[in-house]
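J.: Let me begin by handing over the structure; questions about it come next.
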Number of protein chains: 2
Amino acid sequence: MMKQPAFAIEAWKIHETTLNLDVLAQTESVFALSNGHIGLRGNLDEGEPCGLPGTYLNSLYELRPLPYPEGGYGYPESGQTIINVTNGKIIRLLVDDAPFDIRYGQLQRHERELDLREGVLRRTASWISPTGRSIKVSSNRLVSFTQRAIAAISYEVEPLDTPVRVVVQSELVANEALPGVSTDPRAGTVSLAPLESEEHEVQNLRGLLIHHTQASHLRIGAAMDHLVVGPEGMTMEAESTPNIARVSVSVRLRPGERLRITKFLAYGWSSQRSLSAIHDQIIAALTAARSTGWEGLLAEQRDFVQEFWKNARLEIEGDAELQEAVRFAQFHALQAGVRGEQRPIPAKGLTGPGYDGHTFWDTEIFVLPALTLTFPAAAAGALRWRHSTLPLARKRAHQLGLRGAAFPWRTIHGEECSGYWPAGTAAFHINADIAYAVAFYIACTEDRVFEQEVGLELLVETARLWRSLGFLDIHGQFRINGVTGPDEYSALANNNVYTNLLAQQNLRAAAEASRRHPQVALSLGIDTDEIASWNEAAEKMLIPYDQDLQVTPQDDAFTSYERWNFADTTPEQYPLFLYVPYFDLYRKQVVKQADLVLAMHLRGDAFSPEQKARNFAYYEPLTVRDSSLSAATQAVIAAEVGHLQLAYDYFAETAFLDLYDLAQNTRDGLHLASLLGTWTTLVAGFGGLRLRGGSLAFGPRLPEGITRLTFHVVFRNRRIGVDITATEVRYALLEGEPLAVWHERENITLSTQEAVIQPTPRIQAGPRPKQPPGRAPLKRAAHSLSKGTPEPLHHNG
Amino acid sequence: MMKQPAFAIEAWKIHETTLNLDVLAQTESVFALSNGHIGLRGNLDEGEPCGLPGTYLNSLYELRPLPYPEGGYGYPESGQTIINVTNGKIIRLLVDDAPFDIRYGQLQRHERELDLREGVLRRTASWISPTGRSIKVSSNRLVSFTQRAIAAISYEVEPLDTPVRVVVQSELVANEALPGVSTDPRAGTVSLAPLESEEHEVQNLRGLLIHHTQASHLRIGAAMDHLVVGPEGMTMEAESTPNIARVSVSVRLRPGERLRITKFLAYGWSSQRSLSAIHDQIIAALTAARSTGWEGLLAEQRDFVQEFWKNARLEIEGDAELQEAVRFAQFHALQAGVRGEQRPIPAKGLTGPGYDGHTFWDTEIFVLPALTLTFPAAAAGALRWRHSTLPLARKRAHQLGLRGAAFPWRTIHGEECSGYWPAGTAAFHINADIAYAVAFYIACTEDRVFEQEVGLELLVETARLWRSLGFLDIHGQFRINGVTGPDEYSALANNNVYTNLLAQQNLRAAAEASRRHPQVALSLGIDTDEIASWNEAAEKMLIPYDQDLQVTPQDDAFTSYERWNFADTTPEQYPLFLYVPYFDLYRKQVVKQADLVLAMHLRGDAFSPEQKARNFAYYEPLTVRDSSLSAATQAVIAAEVGHLQLAYDYFAETAFLDLYDLAQNTRDGLHLASLLGTWTTLVAGFGGLRLRGGSLAFGPRLPEGITRLTFHVVFRNRRIGVDITATEVRYALLEGEPLAVWHERENITLSTQEAVIQPTPRIQAGPRPKQPPGRAPLKRAAHSLSKGTPEPLHHNG
């Protein structure tokens, strides 16, 4: 049985009631704070004990060489890795002669809670020092949504029975020691060259450190300032060295007295700005934060988060534990996305060093659609970042002998950082995924400024890529050979259906957007011939079909492969990629993560309902879910074809992935795509939300465990509320002009005047499909209140 | 125009008439001496100038870590690299105060010749020192075929006009400085950790150095002894340091006087034997060599080589330049193969560090069949080495989840050293290639001892591999998916025809051999069910066929791929793999090297003559010959289908590959497979030699440029001579019992009584197929006497 943190079930809080050092690193991810610009892992204030120290700035990376045993043309030579920057979280405490360290003395009480409505991490601890002094420590920490460069900590200490002398040391620490390197390829790379000091200073209660990275030549500054409130007799001093700035406050506290320190923290970095510019920038940010004050920051934070929940409301009745998990997921989506502002959204957000801090296709497919319907500006910001990397993507396409743009499989700054091309460069679907997110955003927002400035060019350059990557064969069919689809247990396949369907949509979207904006199109060198060539490729796109089996094969050859020998695969052999060579996975029928099933979600229009059911039944027994990206998609299609309990089971797996560390790598950071998968499962799965011919369509259906599902989405300057019970669905337009939507096959018009009520459709499904032995999701009992006791699933992603 | 060394055309010598420093490294490979155990590059005696110093011992390697940007299960972690060991070739000369260095002073004459009948490298130089002293230096060097641990040099110096004082320093030098690293993946890796000294000593004129490698823990000893003959007044001394042993001879020479030094050189190495054992072993070898003496070694050498030529005779009339190239090729095959004795035959022999000194499938497919028919013991030795690595190959198969044995794609010691699995581990055909060489050897020799001790087990363990690698599909066809065939511009293909046909033969050969040796089979755990399962897989082996095009596709999907855009490929973009990403090569119709065409050579029984002609015509326009392994095979099939001038053109390209450095990497060592390809082109191409139902079959045909072709082969303890002219073929049994062979479709019986004469068949071919633009072989003019002026072909391999 895996050790689990103890979280109480509360509607709006992730509340840890006792501290378990075995899962410290995992909780540091769970309690990470971020605004998309700054990320602070939930490390304890005093720095130790620590699972994995982590302070990140979006897009601040170091370079590392990518070595190959046998090189090849077009292999990336340099990788980018997120780095742990100057740690400003540290507030150490000396209680008489003993440092406050929970590993010593006696920890009588320790609670942490992430407040999902306030946007604050709170901690309280009662501790008896080894020398018998009893104190209470409480701290509140926030990373500001409203002041992007700012984090703040309110720290308070008071003696509980006898007077004590306390010394509080508030620090900035650069070049912290990090724990050893993991051999798991999903963990990040560490042991990079340290930051080099450029400046350090203290002045009164203010301290500042400026460093630069050695290879990527990025300059990074961190500054802190303090407000101290306490009894008389306080002494304060400050000092700095190249890697440490320290402000110390010493005072004798009697019971009833307390010392309170408010720490304001500012970060800034640049590849271009000078030392003095960075210096002044962070000092200015500090000044602004001080003038707002702690209470002011708190209030701004609360307002910002509440505004988010208004649009992102998502409630379920019948399963309080899942409700909490859903809110947790949405809150982290908020943290990762809202203030990225033309920066990428990494696979782990800014919660840990996993995957080297890279962004992948997950963001466009699993994160941005949810943000588009709840916080569209965040989606636009991430896509504007993609657009800003177009010159690099064009260069990469040229290097590969292709036209248009070839976006990187994994990156921080825009250059391809994948050192394994069969599952990196060859996974060209990333380009169609970006186009999908662009088209989805435009359809849901009708943001014509975005379309003209960003969207059209992204659609066009990716369409050009497809036109040059595929070809019309002698039978007039458009083939895309030798590429890798989403399922990483297949590679270099011909006519991967997911890829071909999304490329088809990409080509059509480029043609349509070009017609909508002829002037912009002209400036991009598009003529009618080129538009015609996109339409031709889309129209003639080859979608293979296996007539014998009556199923859609994942690619040309997939259904002709030998089935994986599941019978002889033991539970310890999952995830398979750690125990089996890639060559063998690639040539067998075994699916790591939804591929054709994902195509049925994103391109549902290309399949009949019967075909979806048959395909789902075919792929379920082959899908081992060795990736965390899979369960939510399987949930969505399970719901669509009517396997509602199965969908519910997959939903629970997705929702608890990080809270229960099901993949056993939450220490490296949260699985952002999976977190958003909870939203997707509820809204697209049980709500059945799709775009149909540009209109919103719903196909509501609930599993037994959920008695009511309520959600809001924003769509074309409207806010829409959907409220589903077992018997009826209530559609309400909460804000905006009237709008026609689909309820199943019925077109209904919503207005703010009156809600529309429809009966919840009843659906029949065939027998529940089987999963590979031992790989079925845990059955989620309705109204489950089990706490922290799921069987470990041993799957990863 | 590339610079070429100047070789005079001589029947039995490679004769260089002037020294061109620009091609020094290339000539060091051409003039390399080896007996398969020791290899000495043709470095100048005095050590400098030097292209690439090289002294190699077969299987003496150092380990190096194989780094991956993203690791994976089953990736080899450690590579093996041939290393430059203690250099015993060095004899430095001081002439009055000036060192003999041909870069200074005036080189009046410099000639080198590799004597292909004597097995000796001779060098003479006349030189005027910067201070005006005129001398003549001559040296003869041999690596003994009869005393495997021994090399010897006879070195002579004489003044030409005025008296001079000479000092000759004969040395052993360990840890020589090597030139910088190349970025070409085909070059070897260098910059390894140096050898560590264990012992050094000198005694009289004898010196000795013993070292060990740091990571592979191999001990290596080198020793030298000298005989010195000169006028009175000679002084001699000796000294040693950890990396140098030096014997110096000083004397004043008047015109007419000469100093002659005979240097005996012995090498020994072991992974197990102690320091003193190695010490004694090399001293003993020196003692034996001294007692044989220089003249004795020369005589043994001559006898050995002449015996070789008796069986390996191969003469062409009409093209003296090609005749010389053919002898050169055969001589290097002799050097690489004859005294390997249960050691591998590397792709470069022991002539250079290319490909890290690894052995590949080339040896079994391109080298061993030729050795089997000319020097069968050498083929048996190489296969016995493969057999000795069976435990490692079984372990690898187990690691990959397969049964039987999985031999490494590239190795020195037996472990897989390929760090790029799509063209390494996935190239499973290596296993069928080994089985092919085994079956070919057994068929040609009827060596039952070999079959029982070595052959059967190799056939069985590879057959087991195929049975577990492939599977019977629902239609009852045996499929082998996701493997890489010989063409390295395709990878991870389904049902590669070459692989499937050779696997089929492998399975059948295992079944037949098991039935021949039931007791041995029993000891290997073979039962009738297993034999039946091999036969079933062989019988049901899927061989795809493209009905639309009426050609055999290289694999299931190949003919459905887009054709490579040859029109837009410039001459500078070859070899393609240096300028194009692998993913793009893999998904297009472009062939690096004969694949399906090689299958038509090795499994000609599986194709009708018409099909061969159609297939050849289909693949010729797609084959760019970016590998040196291709031309000979294309020549063989071109000859078979009747394109005799084309075959002749390919033959010339193969034959001149190293003499003219056509691939521009002869500096790293000779292309052994290509050298043997000259033999194959003549014997299997123009002689049409095949095995047909276990019998020798001939299909003679000559291009216009060759007026007569004569060759010997040894076959089942017989020696057979074949003599082909434009009009008739004369078959003679020169030794052994009568034998039935095929002349085309006619069965004839040969006996030592009388030769059988048959008319040379006339064949008709369709129009000469086209090659990709700029990739056709140079037209070989009949009776060409052009010297060193071919256009550079810019292709590599």
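J.: Is there any pair linking a residue in segment B:588-615 that is within 21 Å of B:Leu507 (Cα to Cα) to one that is of a type in the set (Lys, Arg), with Cβ under 9 Å and at least six apart or on different chains, and which?
T.: Every condition considered, the pairs that remain are B:Met600/B:Lys612; B:His601/B:Arg690; B:Gly604/B:Lys612; B:Gly604/B:Arg690; B:Gly604/B:Arg692; B:Asp605/B:Arg690; B:Asp605/B:Arg692.
J.: Tally the residues that are at negative phi and aromatic (Phe, Trp, Tyr), restricting the search to segment A:344-361.
T.: 2
J.: Given the residues B:Val551, B:Val597, which is the only one that is within 12 Å of B:Thr623 (Cβ to Cβ), in contact with a helix residue (DSSP H, G or I) (Cβ under 8 Å, 6 or more places away or on another chain) and of a type outside the set (Ser, Thr, Tyr)?
T.: None of the others qualify; the one that does is B:Val597.
J.: Could you list, in sequence order, all residues of segment B:400-418 that are away from chain A (no Cβ under 13 Å) and more than 28 Å from B:Val714 (Cβ to Cβ)?
T.: Once the filter is applied, which keeps residues that are away from chain A (no Cβ under 13 Å) and more than 28 Å from B:Val714 (Cβ to Cβ), segment B:400-418 yields B:Gly404, B:Ala405, B:Pro408, B:Thr411, B:Ile412, B:His413, B:Gly414, B:Glu415.
J.: Check off (1) over 23 Å from B:Gln306 (Cβ atoms); (2) in contact with a His (Cβ under 8 Å, 6 or more places away or on another chain) for B:Lys136 and give me the number that stays unchecked.
T.: Failing condition for B:Lys136: (2).
J.: Kindly list the number of the only condition in (1) within 14 Å of chain B (Cβ to nearest Cβ); (2) hydroxyl-bearing (Ser, Thr, Tyr); (3) over 26 Å from the mean Cα position of the chain (by Cα) that fails for A:Thr552.
T.: The single condition A:Thr552 does not satisfy is (1).
J.: Do any helices (runs of 4 or more DSSP H) lying entirely in segment B:512-596 carry at least 3 residues that are surrounded by 15 or more Cβ atoms within 10 Å (Cβ to Cβ) and not assigned by TED's automatic domain parsing to the domain that holds B:Ile365, and which ones are they?
T.: So the answer is B:582-586.
J.: Do we find a residue being surrounded by 15 or more Cβ atoms within 10 Å (Cβ to Cβ), out of contact with any strand residue (DSSP E or B) (no Cβ under 8 Å at 6 or more places or on another chain) and more than 13 Å from chain B (Cβ to nearest Cβ) anywhere in segment A:471-487?
T.: For segment A:471-487, residues surrounded by 15 or more Cβ atoms within 10 Å (Cβ to Cβ), out of contact with any strand residue (DSSP E or B) (no Cβ under 8 Å at 6 or more places or on another chain) and more than 13 Å from chain B (Cβ to nearest Cβ): present.
J.: Being in contact (Cβ under 8 Å) with a residue 60 or more places away in the chain, among the charged types (D, E, K, R) and assigned by TED's automatic domain parsing to the domain that holds B:Phe450: is that true of B:Arg384 here?
T.: Against the criterion (in contact (Cβ under 8 Å) with a residue 60 or more places away in the chain, among the charged types (D, E, K, R) and assigned by TED's automatic domain parsing to the domain that holds B:Phe450), B:Arg384 qualifies.
J.: Quick one: in segment B:491-510, which of the residues that are facing chain A (nearest Cβ under 10 Å) and surrounded by 24 or more Cβ atoms within 10 Å (Cβ to Cβ) is nearest to B:Asp529 (Cα to Cα)?
T.: Result: B:Asn495.
J.: May I pose another question? What are the residues in segment B:93-126 that are over 25 Å from B:Val247 (Cβ atoms) and either acidic (Asp, Glu) or modelled with pLDDT under 95 (or both), if any?
T.: Within segment B:93-126, B:Glu111, B:Glu113, B:Asp115, B:Glu118 meet the criteria.
J.: To continue, here is another question. Taking B:Pro408 as meeting all but one of (1) part of a loop (DSSP other than H, G, I, E, B); (2) more than 16 Å from the chain's Cα centre (by Cα); (3) surrounded by fewer than 23 Cβ atoms within 10 Å (Cβ to Cβ); (4) not hydrophobic (A, V, I, L, M, F, W, C), write down the number of the exception.
T.: Answer for B:Pro408: the failing condition is (3).
J.: Within the bounds of segment B:256-272, is there any residue that is surrounded by 15 or more Cβ atoms within 10 Å (Cβ to Cβ), of a type in the set (S, T, N, Q) and under 30 Å from B:Ala8 (Cβ atoms)?
T.: Checked segment B:256-272: at least one residue is surrounded by 15 or more Cβ atoms within 10 Å (Cβ to Cβ), of a type in the set (S, T, N, Q) and under 30 Å from B:Ala8 (Cβ atoms).
J.: Would you point out the residue of segment B:228-246, among those that are free of Cβ contacts under 8 Å to residues at least 60 places away in the same chain and polar (S, T, N, Q), that is farthest from B:Arg260 (Cα to Cα)?
T.: Ranking the qualifying residues of segment B:228-246, first place goes to B:Thr241.
J.: Give the residue that is nearest to the other protein chains (Cβ to nearest Cβ), with candidates limited to residues of segment A:527-549 that are more than 33 Å from the chain's Cα centre (by Cα) and of a type in the set (Gly, Ala, Ser).
T.: A:Ala537
J.: Please go through (1) part of a loop (DSSP other than H, G, I, E, B); (2) within 14 Å of another protein chain (Cβ to nearest Cβ); (3) not polar (S, T, N, Q) for A:Gly42 and return the number of the only condition it doesn't satisfy.
T.: (2)
J.: Do any strands (runs of 3 or more DSSP E) lying entirely in segment B:54-162 carry at least 1 residues that are within 14 Å of another protein chain (Cβ to nearest Cβ), and which ones are they?
T.: B:61-65, B:78-82
J.: While we're on this one: Can you find even one residue in segment B:598-617 that is closer than 20 Å to B:Ala491 by Cβ, more than 14 Å from every other protein chain (Cβ to nearest Cβ), of a type outside the set (D, E, K, R) and out of contact with any Gly (no Cβ under 7 Å at 6 or more places or on another chain)?
T.: Yes.
J.: How many residues, within segment B:33-71, are among the small types (Gly, Ala, Ser), in contact with a Leu (Cβ under 9 Å, 6 or more places away or on another chain) and on the phi < 0 side of the Ramachandran plot?
T.: Number satisfying all stated conditions: 5.
J.: When you scan segment A:387-399, do you find a residue that is of a type outside the set (Val, Ile, Thr), touching a Ser or Thr at 6+ places or on another chain (Cβ under 8 Å) and more than 14 Å from every other protein chain (Cβ to nearest Cβ), even just one?
T.: The answer is no; no qualifying residue exists.
J.: In segment A:419-470, which residue that is among the polar types (S, T, N, Q) and crowded, with 24+ Cβ neighbours inside 10 Å is farthest from the other protein chains (Cβ to nearest Cβ)?
T.: Checked segment A:419-470; the qualifying residue farthest from the other protein chains (Cβ to nearest Cβ) is A:Thr462.
The values are calculated or read from the model by the stated rules, or taken from the named source; none is laboratory data. No experiment lies behind these values; they were computed from the predicted model shown. FYI the Cβ positions are ideal-geometry reconstructions off the backbone, even for glycines, and counts take in every protein chain you see.
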